[in-house]
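Here is the structure we will look at, set down as structure tokens.
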Amino acid sequence: MFDAVTRRPRSARVVQTEGDVDPRLPNRARSPLPTANDEVRPLLGPSWFAAVMGTGIVANAAATLPRSFPGLRTAATVVWLAAGLLLVVLMIGYVRQRVLRLHAADPIQAQFLGAPAVALLTVAAGALQFGQPVIGARAALDLGGALWSLGTALGLATACAVPYLMITRHRFAPDAAFGGWLMPVVPPLVSATTGALLVPHTPTGQPRLALLLGCFALFGLGLVTVLLVLAMVYSRLVHHDAPTGAMVPTVWIGLGALGQVVTGLSALAAAVPGTLPAPYVQGAAVLALLGGVAVWGFAILWLALAVALTVREFRAGLPFAPTWWSFIFPLGALVTATAAAAARTDSQLFIWPTVVLYTLLVAAWLVVAYRSLRHAAAHAFGR
């Protein structure tokens with residue numbers, strides 16, 4: 001994961017971590033933002049936090065499966081702990097570099113600044129679902145709440161700051177839009193989903209109402225911006241050359257955003273009873289079922305498109321890059337979305353596909369995790 005430091009002339013702004021994003025990606029224009037340590041290549045890019053996202057959702061998705069299997073919950077707990085440990089390691093490594101301004105100045109790296117927020121939120125969701133047997137109910141709730149608060153604050157910051165930088169500082173070619181543009185605006189969707197898990201544990205009355213309504217507001221913020229960006233990404237796909245190299249896995253991020261919409265609708269609907277009056281309980285349930293299934297259908301279309309583009313690129317030769325983690329979290333989000341549809345409809349159309357998708361998720365996670373460890377070892381001990 002950690003790339004060698006490379007010295008460059010002071011006049012050159014080095015904003016790309018080796019392996020983080022294919023240098024052939026479009027839009028290599030530089031931002032006029034001043035940067036510190038321009039001659040040093042960062043060791044660790046924010047896109048590596050997708051490893052925490054992917055590992056965490058392997059655990060979280062297990063808790064949503066419509067069928068139970070012996071040992072699954074124990075295995076999921078171990079995976080959640082691994083995600084938490086990885087989060088700590090990456091956070092320490094990233095903060096020690098002091099390269100936030102450097103990454104914010106780069107039109108591509110800035111997009112992945114949303115990954116740390118989603119990583120925090122993913123581990124928070126795991127704490128609420130798996131933490132009790134490990135650290136106790138009170139500690140699990142406190143940990144989940146703290147991580148959710150930090151992840152939500154960071155996610156709101158990236159959802160506002162990155163688009164602002166894109167408008168005022170970054171310069172983009174006509175074919176610049178790619179799936180990574182979703183990363184800064186997806187965190188509020190994940191905050192809404194995870195926050196819904198906290199609602200039943202919040203004191204009744206105004207505190208619980210405020211949290212629930214805040215989660216709905218976060219959901220709306222994420223939903224509208226995700227749809228706007230998806231339209232731009234789709235337009236880029238059909239109007240310009242097909243994506244190549246490390247750009248291809250980022251197409252899957254659209255699937256993750258759509259999966260989060262479905263999962264969020266279901267989670268929020270489950271949190272409404274006891275907080276809002278009866279008519280809203282029924283309305284939220286209807287929206288979660290009909291709206292969720294409708295968005296799920298669109299997600300399947302995006303899945304088909306992403307799979308076709310990925311197979312095409314694998315045939316041409318797709319080298320490993322951190323963007324391979326873009327396969328994992330989106331597939332996990334589709335698992336949780338399909339599981340949510342299964343729970344609300346009790347339909348075989350969703351029940352067994354959820355199990356199959358989860359099996360594929362675990363297999364993909366094992367492959368990408370193995371390749372990541374090899375990548376890290378190569379940089380730690382020399383190629």
Rounded to the nearest 10 degrees, what's the angle between the helix 72-97 long axis and the longest principal axis of the chain, both from Cα atoms, 0 to 90?
40
What number, rounded to the nearest 500 deg cm²/dmol, is the helix-based mean residue ellipticity at 222 nm of the chain, given -39500 (n - 2.57) per DSSP H run of at least four residues and division by all its residues?
-22000 deg cm²/dmol
For residue 78 and residue 320, compute 0.36 nm times the residue count separating them, minus their Cα-Cα distance, and round to one decimal in nm.
84.5 nm
Dipole magnitude of the chain about its Cα centre (Cβ charges: Lys, Arg +1; Asp, Glu -1), debye to nearest 20:
660
Relative to the longest principal axis of the chain, what angle (0 to 90°, nearest 10) does the C-alpha long axis of helix 137-168 take?
50
Mind sorting out which of (i) 23.0; (ii) 21.0; (iii) 23.7 is the real Kirkwood radius over Cα pairs in Å computed from the coordinates?
(ii)
The rounded separation in angstrom of the Cα centers of the range 125-189 and the range 359-378 is 23
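Computed from the coordinates by the stated procedures, all read-outs in this text should not be read as laboratory data. Because the structure is a prediction, the values reported are computed rather than measured. FYI the Cβ positions are ideal-geometry reconstructions off the backbone, even for glycines, and counts take in every protein chain you see.
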